[in-house]
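Undergrad: Mind looking over this structure? Questions follow.
The values are calculated or read from the model by the stated rules, or taken from the named source; none is laboratory data. From a predicted model like this one, the values you see are computed outputs, not experimental measurements. Quick reminder, even Gly has a Cβ in these numbers, built from the backbone with ideal geometry, and neighbours come from all protein chains shown. Just the protein is used for accessible areas: all its heavy atoms, side chains included, with ligands, DNA and RNA removed. Shrake-Rupley method; radii C 1.70, N 1.55, O 1.52, S 1.80 Å.
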Amino acid sequence: MVVRVKVCGITREEDAGVALELGAKKLGFILYEKSPRKIGFNDIRKIKTKFSLNVDQMVAVQVEPTIDSLKGMIDFGFGFYQLHFSHNYPREQIEKWAELAGVDNLWLAPRLPVGTNFPEDLLPFAQTFLIDAYSKDQFGGTGEPSDWYGFLKWKNKYSSKSWILAGGLSSENIQEALSKTQANLIDVNSGVEISPGIKDRVKINEFFAKIS
């Protein structure tokens with residue numbers, strides 16, 4: 001099984017370079033103001049230029065964006081829009097995201113409490129869904145594993161959709177995670193860091209070595 005990797009929380013050119021060199025298919029840029037991994041458009045532009053990134057390699061990450069905020073991301077020119085939100089967030093707002101970004105370009109990442117069924121009413125709004133660890137206080141970036149059992153169940157039940165596994169993935173648990181979830185799209189962030197937003201070349205190397 002070929003596993004494709006997105007390295008998220010990119011804030012430095014050198015980290016982007018290492019991730020791409022080792023085979024990352026996509027880079028995630030966090031625009032959320034409260035994130036310790038936040039990066040601005042100017043710094044993203046420098047990374048984009050340095051590595052001649054195409055839009056398919058660039059993922060904008062935001063939490064419950066306003067319509068104007070999403071329009072700004074679209075105008076900048078990302079390929080995909082990974083949007084985190086509370087599981088009961090108004091569906092009319094999510095429908096507007098889908099209309100703006102396009103169903104194929106939208107990655108929806110609902111914050112699902114443990115034991116919650118996947119909300120089927122989200123399925124029409126996106127082709128891709130990202131499952132991260134649940135925290136009542138944070139949207140992603142917790143370093144904790146997500147619901148692997150739920151991921152496999154939803155991936156099999158809604159097999160026409162693409163499913164991305166996130167949440168505390170590292171070289172120590174990635175092989176077990178892949179075995180238990182059968183994920184072929186994964187998102188790594190804190191598990192390859194020295195500190196928030198600062199990636200570790202050794203950890204990234206070890207991570208990719210485990211999935212090659």
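Undergrad: Could you run through the range 176-212 and say how many residues are more than 17 Å from L152 (Cβ to Cβ), aliphatic (A, V, I, L, M) and not in a strand (DSSP E or B)? Break it down into steps so the answer makes sense when it comes.
TA: Filtering the range 176-212 for residues more than 17 Å from L152 (Cβ to Cβ) gives 188-212.
Retained after the next criterion (residues that are aliphatic (A, V, I, L, M)): 188, 192, 194, 198, 202, 204, 209, 211.
The next check asks that each one be not in a strand (DSSP E or B); those that pass are 192, 202, 204, 209, 211.
Here the count works out to 5.
Undergrad: Further question on the same structure: Of K71, K26, K6, K46, which residue is open to solvent by 30 Å² or more (accessible area, probe 1.4 Å) and either under 15 Å from the mean Cα position of the chain (by Cα) or modelled with pLDDT under 95 (or both)?
TA: Result: K26 is the single residue among K71, K26, K6, K46 that is open to solvent by 30 Å² or more (accessible area, probe 1.4 Å) and either under 15 Å from the mean Cα position of the chain (by Cα) or modelled with pLDDT under 95 (or both).
Undergrad: Exactly one of (1) loosely packed, with under 15 Cβ neighbours inside 10 Å; (2) touching a strand residue (DSSP E or B) at 6+ places or on another chain (Cβ under 8 Å) is unmet by A209. Its number?
TA: (2)
Undergrad: Still on this structure, please answer the following. For the structure I just gave you, tell me whether K199 is among the basic types (K, R) and surrounded by fewer than 18 Cβ atoms within 10 Å (Cβ to Cβ).
TA: Working: among the basic types (K, R): yes; surrounded by fewer than 18 Cβ atoms within 10 Å (Cβ to Cβ): no.
Spelling it out, it is not the case that K199 is among the basic types (K, R) and surrounded by fewer than 18 Cβ atoms within 10 Å (Cβ to Cβ).
Undergrad: Residue by residue through the range 155-196, note down the ones that are farther than 22 Å from Y81 by Cα, open to solvent by 80 Å² or more (accessible area, probe 1.4 Å) and of a type outside the set (D, E, K, R).
TA: N156, Q175, S179, Q182, I194 - these are the residues of the range 155-196 that are farther than 22 Å from Y81 by Cα, open to solvent by 80 Å² or more (accessible area, probe 1.4 Å) and of a type outside the set (D, E, K, R).
Undergrad: If S86 satisfies every condition in (1) at positive phi; (2) of a type in the set (S, T, Y); (3) in contact (Cβ under 8 Å) with a residue 12 or more places away in the chain but one, which is the exception?
TA: Here S86 meets the rest and fails (1).
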